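Worksheet: one structure, shown below.
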């Protein structure tokens, strides 16, 4: 089945390239993050949401991305429970458009908490709160960075991400400044492959030894980029049986833009570990370090 969406970089493309493709900190941690949008499935028009100062109220988004993929049936449901808590830590080389710096590593600390169940759009959902802290230098806890707080609403039946809210702020010497808040509904057409949540994505509920999914992005002038997710084996990580999933982002000339290996818990269907590569060099890693 073919799905198309008018989402922008802020929801799908950037999530795919940054959060999944490597969790890389850009060379300037003060740069603006893509702004989440509200999407109207009725008229296929995307609008920026109004922030607290009303600066971007009603701005129509002209740049569109069309996605195409075949939905693969799930073989399990989400295994979350209220009270669950997951902590991750990741390291990444600082990458700019000019060149990567493999000698300086940023750090990313993420905590996910399943706080309650709530009905959203007539669906019972798990409400999962996350706090993502990005610092430019892993050896300096007072280095500049960003903190991103998100709340995800995940259907207890389908496992799809229905909605999220977010707030972000700069961090200077441990103090948060320039805080902004947003929210966005995730359109049902693409919620199967919505990947802005690092710990979990609905496609993880479809994993088996034969799993393979391609997500094509039609980016204009006949250009096509695609994300390929494929189970390449099984592994045991920290006494967890895991599916080993290779993810490749492939450009229009069939060149591999980025590559990542993910280890997904076979029972809980959450991320246990990931390693991302730039050419043949590992540039970032993320690992589950605590679960309550």
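The values are calculated or read from the model by the stated rules, or taken from the named source; none is laboratory data. Just so it is clear, the model here is predicted, and its values are computed rather than measured. Because the Cβ atoms are built from the backbone with ideal geometry, glycine has one as well, and the counts that use them run over all protein chains shown.
Just a few scattered comments:
- Residue 288 being over 23 Å from residue 216 (Cβ atoms), buried (at least 21 other Cβ atoms within 10 Å of the Cβ), touching a strand residue (DSSP E or B) at 6+ places or on another chain (Cβ under 8 Å) and touching a residue at least 40 places away in the same chain (Cβ under 8 Å): yes
- Odd one out for residue 64 among (1) part of a strand (DSSP E or B); (2) closer than 28 Å to residue 213 by Cα; (3) modelled with pLDDT under 50: (1)
- Matching residues, region 261-282, being buried (at least 22 other Cβ atoms within 10 Å of the Cβ) and at pLDDT below 95: 276
- Of all residues in region 229-246, those being at pLDDT below 95 and either within 18 Å of the chain's Cα centre (by Cα) or on the phi > 0 side of the Ramachandran plot (or both) number 2.
- Per-region count, region 128-166, residues crowded, with 20+ Cβ neighbours inside 10 Å, in a loop (DSSP other than H, G, I, E, B) and at pLDDT 85 or above: 2
- Enumeration of residues in region 227-256 that are in contact (Cβ under 8 Å) with a residue 40 or more places away in the chain and in a strand (DSSP E or B): 227, 247, 249
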